[in-house]
Amino acid sequence: MIIYILSNILIMLYNIYSPLEQFEVSSLISLDLPIFGQFHISLTNLGLYTIITIFLAIAFHAVAFNNHKLVPSRWSLALEACFASVHGLAKSQLGAKNERYFPFIYALFFFLLFANLNGNIPYGFTITTSVIVCLGLSTMILTGVTILGLSIHKLHFFSFFLPAGTPLALVPILAPIELISYLARALSLGVRLLANMAAGHSLMKILGGFLFTLFTSSFLVSILTIIPFTVFVAIVVLEFAVSFLQAYVFCILTSSYLKDAIDLH
């Protein structure tokens, strides 16, 4: 089964002409309606895999729901482990009194997790390699965090951009720098996720195309290709681990930004 999946990955990656071609958003179904002039409706691969991601996250919780059984299933144990990890993350970052924000962090984690894992399936599409998804998420998170900070602290929130004890002469210099640093969070949060996911999939494409060429050459070369093929297998396994890690890191940083807005640290 594992060899079959890896062979499908090799074929998929070989059929992609460019490493960046796998990240292109393409229309699957489109419909033009004569409403308000010309109304265009389109379902893209990005939209389809977003729907699949949400469905998988909900389905995982439905399957893993223990229903008060004495002996939990493997799915229940996996869900409990994920819940404990994300809860520990939120509690350590936000503190016990701010656990009301935990549902948001929890939902965000599972959305990103299944979005990342979808891209590791042969012929799949990774929505977290889309600029609009990553930067859209990070921008909305920063906007929400800013609104939350303003609602809690009112005008005192702007003291966040001026370190305590700053000399008056340095205020015109430090305040713009702190503001730019704060706004850059929206860019860095999304770009970190985008770059890590896109780099791993690009590397898989390059190695997959190279290995496919070697496997389809002479018999002797095919035998020798087993050695670099083990490296490719290790990269595939690593990419699955990165899917978990990047979702976790994204939630850690989001929790940290929430903490800053709540406590102005």
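Here are the numbers for this structure:
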| read-out | value |
| --- | --- |
| Within the stretch 53-71, tally of residues that are surrounded by 14 or more Cβ atoms within 10 Å (Cβ to Cβ) and not in a helix (DSSP H, G or I) | 1 |
| Among residues of the stretch 140-158, those that are without any contact (Cβ under 8 Å) to a residue 60 or more places away in the chain, surrounded by 12 or more Cβ atoms within 10 Å (Cβ to Cβ) and among the small types (G, A, S), counted | 1 |
| Test for A96: is it more than 17 Å from L56 (Cβ to Cβ), hydrophobic (A, V, I, L, M, F, W, C) and modelled with pLDDT under 90 | yes |
| Breaking point among (1) outside any helix (DSSP H, G or I); (2) of a type outside the set (V, I, T); (3) open to solvent by 40 Å² or more (accessible area, probe 1.4 Å), for S92 | (1) |
| Count - residues of the stretch 87-145 that are of a type in the set (V, I, T) and either closer than 15 Å to Y257 by Cβ or more than 18 Å from the chain's Cα centre (by Cα) (or both) | 5 |
| Members of the stretch 152-193 found to be hydroxyl-bearing (S, T, Y) and closer than 27 Å to A247 by Cα, listed by number | S181, Y182, S188 |
| Subset of the stretch 175-185 [open to solvent by less than 50 Å² (accessible area, probe 1.4 Å) and at pLDDT below 85] | A175 |
| Test: F161 is touching an Asp or Glu at 6+ places or on another chain (Cβ under 6 Å), open to solvent by less than 30 Å² (accessible area, probe 1.4 Å) and closer than 21 Å to L187 by Cα | yes |
| Candidates L31, L43, L77, L10, filtered to the one that is over 30 Å from L264 (Cβ atoms), at pLDDT below 85 and open to solvent by 80 Å² or more (accessible area, probe 1.4 Å) | L31 |
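The values are calculated or read from the model by the stated rules, or taken from the named source; none is laboratory data. It should be emphasised that the depicted structure is a prediction, and the values quoted were computed from it without experimental measurement. Glycine also receives a Cβ, built like all others from the backbone with ideal geometry; neighbour counts cover every protein chain displayed. What goes into the accessible areas is simple: the full protein's heavy atoms, side chains included, and nothing from ligands, DNA or RNA. Shrake-Rupley method; radii C 1.70, N 1.55, O 1.52, S 1.80 Å.
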